[in-house]
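Beneath this line is the structure, given in structure tokens, with notes to follow.
Throughout, read-outs are computed from the coordinates displayed, never taken from laboratory work. Computed from a prediction, not measured in an experiment: that's the story for all the values here. Heads up, the Cβs are rebuilt from the backbone with ideal geometry, glycines too, and the neighbour counts pull from every protein chain shown.
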Protein chains: 2
Amino acid sequence: MSAEIICVGTELLLGDILNTNVQFLAKELASLGIPHFYQTVVGDNFTRLQNVIKIASQRASILVFTGGLGPTPDDLTTETIAQVFETPLVEHPEIIRDISQKLAAQGRTMADNNRKQALLPKGAGILPNPSGTAPGLLWQPRPNLTLITFPGVPSEMKRMWRETAVSYLKSQGWGKEIIYSRMLYFRGIRESDLSAKLAHFFELSNPTVAPYTSLGEVRLRISAKTRSKTEAIALIEPITQKIKKIAGLDYYGSDDDTLALVVGNLLRQAGETASVAESCTGGGLGAMFTTVPGSSDYFIGGIIAYKNQVKIDLLGVNSKDLEQSGAVSEVVAQQMSLGVKKRLGTSWGISITGIAGPGEGTEIKPVGLVYVGLADNQGRVESFKCQFGAIHDRDTIRFLSSYAALDRLRRRLLLNN
Amino acid sequence: MSAEIICVGTELLLGDILNTNVQFLAKELASLGIPHFYQTVVGDNFTRLQNVIKIASQRASILVFTGGLGPTPDDLTTETIAQVFETPLVEHPEIIRDISQKLAAQGRTMADNNRKQALLPKGAGILPNPSGTAPGLLWQPRPNLTLITFPGVPSEMKRMWRETAVSYLKSQGWGKEIIYSRMLYFRGIRESDLSAKLAHFFELSNPTVAPYTSLGEVRLRISAKTRSKTEAIALIEPITQKIKKIAGLDYYGSDDDTLALVVGNLLRQAGETASVAESCTGGGLGAMFTTVPGSSDYFIGGIIAYKNQVKIDLLGVNSKDLEQSGAVSEVVAQQMSLGVKKRLGTSWGISITGIAGPGEGTEIKPVGLVYVGLADNQGRVESFKCQFGAIHDRDTIRFLSSYAALDRLRRRLLLNN
């Protein structure tokens, strides 16, 4: 038993988009213990898609499709599948109803071309799409061959995968040996340094431990191959504990944890609140804090002080200091954090001021220079300097700045409590 | 004449890495005017790689390989190619010399397994690798079939592509025709509605016009196949003009334009400034405005009023209105936009208040309900309601909210000027 991933879309052949869907599906299949040996990308072309389906159905027993489920004439996946397995298409009134309702909820009416999305090969099941109009199908056109289709929009595909496909695949008894993994997240240490500290873990065979570098952090994947999740956790847990001990404060979370979630939980536990004062990030730190549902328990708000006058007027930054040291300086970062903390009456005030570039840097203050300020409710204020370097682009420097600010708050909260 | 891209590596099947190589090669082939109809990914497995090469060599005339050129036993690309075309491998002393020199420059000596990298099928040419040890090959094992191999390391592959492969492909007289494309972006219209309006364009054969749905917008790609970029633009330009006329205000930009950039340029042209007041987006709209370098010309700053008290204290929202209508209401959206405009002294104040979910919605105010307020410098204030629906997740609703606010400002700026 093995799977094959088939991605349909001329935009992939033209290089217009990066195929992130295939990586997601590859990881997911691996974690279910379903091996797959081939990935194929083909354009919106009936004959070639037919060719791909014929080849794949000879060498794999589960075909996972993405793309080609839209309402336009060049969306061909469903009808090509029907054609290959010589099965007529039938219209599903329940899909029509579902599409109309979804469009109505957005104040829209159904177009004629949406009707096409209600057609499935006779005998195929519907794979519901909670976030879009195009449902997928789940079909065994012959014994030992299962087809599953997803739209190409990544958010829709992922949600359908998680909410429907996973339980189906598990219920089929595929993947008797599962691969179960835990991801651990680290901040403030380079991959090579963490790897040097943890070298002996990389020689383990079950579970295996492998490092990955991700933007602004390092990740470790601990994977166990066992017959059950319980057995896997029993193998993974003691290794996790050892690694956490070695990494200390550099470890911040695992699996579904995000840095914003971890910081939020620490604030909530401490009964404390936070506000932000942002210059170069323009609201990105506030946006990061509020990715977490329920963040209003501890996140109060902030001031986006993009221009200096706002720093003076709303945050009480001293205009002389601004003039003498410049907006990107320790003293201004500190005053911004104190200012927002005072103005919004929060336990913590966190500020960011920096040069995100491109093209605003000088020799003394190069692109990638960022100061983060942190004022606490004991009247203390600190600031620290980050030098992300001009090798990064504007978006990356802004992301890394917000991420560094959140992480500093995390460390302070852990040391305070 | 068409190509096929074959990526070799078990790490791609495990989803450990994102396949950026294939997107690079896809774009490059398109820009050379060499069509490719299939992309295949296969693991480090002799039999399956053999199978892939056999299939590809029946349907394509240029096979472009990445991966599997390293020194370890699971690097199998070269020897599998030799096997498929029943050709012996021969050692190239010049490759051995090159590898030894490169390793010596790093203070290393050549290992036994590096010798493997000097083996190529008899008759194959060397594709030099300036930045790594593994060279590629360039080989016609039979008439009308050319194989080119690259290592999987993206930086090495790209440099080899640019420095050697491109000139070779051009010298073969392939790619006399180039494919040149323009992307057009639309807001506020569904793909199916835009498609209905533009249906007759989709039947064109050169240039071709095809729609794509993207989060919060629709895109059209206009592609021309010609002998030069100038000729392509001459074909694309009149179609672009016709489509822009039909789409009216729903068209917002093309190619490298972003909505934030377009809005920023309109503000700059008008000599006007903007500030933001954000509740559910928590800073995301400010962050979106400031993705544009130089946005300080027109973006002043904002207030993140996540909690109601901040709306009252800093934005002057009336506490009775807040109590009676709730934070997510027309009246509060309007007051927020007026408040931030006044406080920061800008031409425009843009506000967002809504329910991003999950789990905060009610029947009257469901998840996905968002109000955007817009105050202008003639004392006018308006607000509008978005219903993104609970089908979207929190991040998506927040993104769509900021995007809708920016787009409303764009339309107002276009109508005002």
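The charge dipole of the range A:179-254, taken about its Cα centre with unit charges on the Cβ atoms of Lys, Arg (+1), Asp and Glu (-1) only, comes to about 180 debye.
Between the helical axis of A:93-105 and the longest alpha-carbon principal axis of chain A there is an angle of about 20 degrees. Tilt of helix B:229-247 relative to the longest C-alpha principal axis of chain B, in degrees (0 to 90, nearest 10)? Helix B:229-247 and the main axis of chain B meet at about 30 degrees.
How about the range B:197-236: which trypsin sites (Lys or Arg not before Pro) there are in a DSSP loop, with at most 13 other Cβ atoms within 10 Å of their Cβ?
For trypsin sites (Lys or Arg not before Pro) across the range B:197-236 that sit outside H, G, I, E and B with at most 13 neighbouring Cβ atoms in 10 Å, the list reads B:227.
Give me the inter-chain shielding for B:294-300: mean count of other chain Cβ atoms within 10 Å, whole number please.
Details: counts 3, 2, 7, 1, 0, 4, 6.
Counting Cβ atoms of other protein chains within 10 Å of each residue's Cβ and averaging gives 3.
Could you tell me the calculated FRET efficiency between residue A:172 and residue A:319, based on Cβ-Cβ distance and R0 = 51 angstrom, to the nearest 0.05? Result of the calculation: an efficiency of 0.15. Cα centroids of the range A:117-167 and the range B:127-144: 42 Å apart. Here the scattering of the range A:259-416 is modelled by Debye summation over its C-alpha atoms, one equal scatterer each and no solvent; at q = 0.15 Å⁻¹ the log10 of I(q)/I(0) is -0.69.
Taking every residue in B:327-333 and counting other chain Cβ atoms within 10 Å of its Cβ, the average works out to 0. Under a 5 Å amide H cut-off, with hydrogens placed 1.01 Å from N, residue A:304 pairs with A:278, B:302, B:303, B:304 among residues at least 5 apart or on other chains. Label points for residue A:123 are taken 7 Å from Cα along Cα→Cβ. From this copy to the others they lie 4.7 nm apart, shortest first.
Each of the peptides B:19-30, A:103-114 was scored by the mean count of other Cβ atoms within 10 Å over its residues; in descending order, highest first, they stand as B:19-30, A:103-114.
Rounded to the nearest 20 debye, the dipole magnitude of the protein assembly as shown is 320 debye, with +1 charges on Lys and Arg beta carbons, -1 on Asp and Glu beta carbons, and the Cα centre as origin. Note on residue A:245 and residue B:365: with the Förster distance fixed at 60 Å, the Cβ-Cβ geometry gives a FRET efficiency of about 0.80. The magnitude of the dipole of chain A, with charges of +1 and -1 set on the Cβ of Lys/Arg and Asp/Glu and taken from the Cα centre, is near 900 debye. Between the listed residues A:147, A:181, A:252, the Cα displaced farthest toward the positive end of the dipole of the range A:137-295, a dipole computed from Cβ unit charges relative to the Cα centre, is found at A:147. Restricting the range B:48-141 to GluC sites (Glu not before Pro) that sit in a DSSP loop and have at most 14 other Cβ atoms within 10 Å of their own Cβ leaves B:86.
Each 10 Å bin from zero holds the following percent of Cα-Cα pairs in the range B:168-306: 11, 30, 27, 20, 9, 2, 0. Rounded to 0.05, the FRET efficiency of the residue B:258 and residue A:87 pair, given R0 = 45 Å and the Cβ-Cβ distance, is 0.55.
Normalised size of the protein assembly as shown, defined as Cα radius of gyration per 2.2 N^0.38 Å with N residues, equals 1.00. Peptide B:306-318 is shielded by partner chain Cβ atoms: per residue, an average of 4 of them sit within 10 Å of its Cβ. When you filter the trypsin sites (Lys or Arg not before Pro) in the range A:372-402 for DSSP loop state and at most 10 other Cβ atoms inside 10 Å of their Cβ, you are left with A:380. Placing a label point 7 Å from Cα along the Cα-to-Cβ direction at residue B:229 gives distances to the equivalent points in the other copies of 5.3 nm, listed shortest first. Rounded to the nearest 500, the 222 nm mean residue ellipticity of the protein assembly as shown from helices alone is -11500 deg cm²/dmol, with -39,500 (n - 2.57) taken per DSSP H run of at least 4 residues.
Quick one: which of A:197/A:225; B:27/B:54; A:158/B:385; A:158/A:307; A:170/B:54 span more than 31 angstrom between C-alpha atoms? Violating the 31 Å Cα-Cα cut-off are A:158/A:307; A:170/B:54.
Take the alpha carbon atoms of the range B:34-89, find their center, do the same for the range B:349-415, and report the distance between the two centers in whole angstrom. First find each Cα centre; the distance between them is then 51 Å. Taking N as the residue count of chain B, its C-alpha radius of gyration divided by 2.2 N^0.38 Å amounts to 1.31. Structural descriptor for chain B: relative contact order 10 percent, calculated from alpha carbon pairs under 8 angstrom and at least 6 residues apart. When the Cα positions of B:43, A:57, A:14 are compared along the charge dipole of the protein assembly as shown, A:14 comes out farthest toward the positive end, with charges on each C-beta of Lys, Arg, Asp and Glu.
How high is the relative contact order of the range B:3-171, given as a whole-number percent (alpha carbon pairs under 8 Å, six or more residues apart)?
23 percent
Pairing the Cα long axis of helix A:394-416 with the longest principal axis of chain A, what angle in degrees results, from 0 to 90 and rounded to the nearest 10? For A:394-416 against chain A, the angle is about 70 degrees. Given their separation in residues at 0.36 nm each and the Cα-Cα distance between them, residue A:309 and residue A:48 gain 87.9 nm when the chain is fully extended. Centroid-to-centroid, using Cα positions, the range B:282-296 and the range A:242-259 are 32 Å apart. Ranking B:223, A:202, B:317 by Cα position along the charge dipole of the protein assembly as shown, where only Lys, Arg, Asp and Glu carry charges on their C-beta atoms, puts B:317 farthest toward the positive end.
Here is how far apart the residue B:162 label points are across copies: 3.8 nm, shortest first, using a point 7 Å from Cα toward Cβ.
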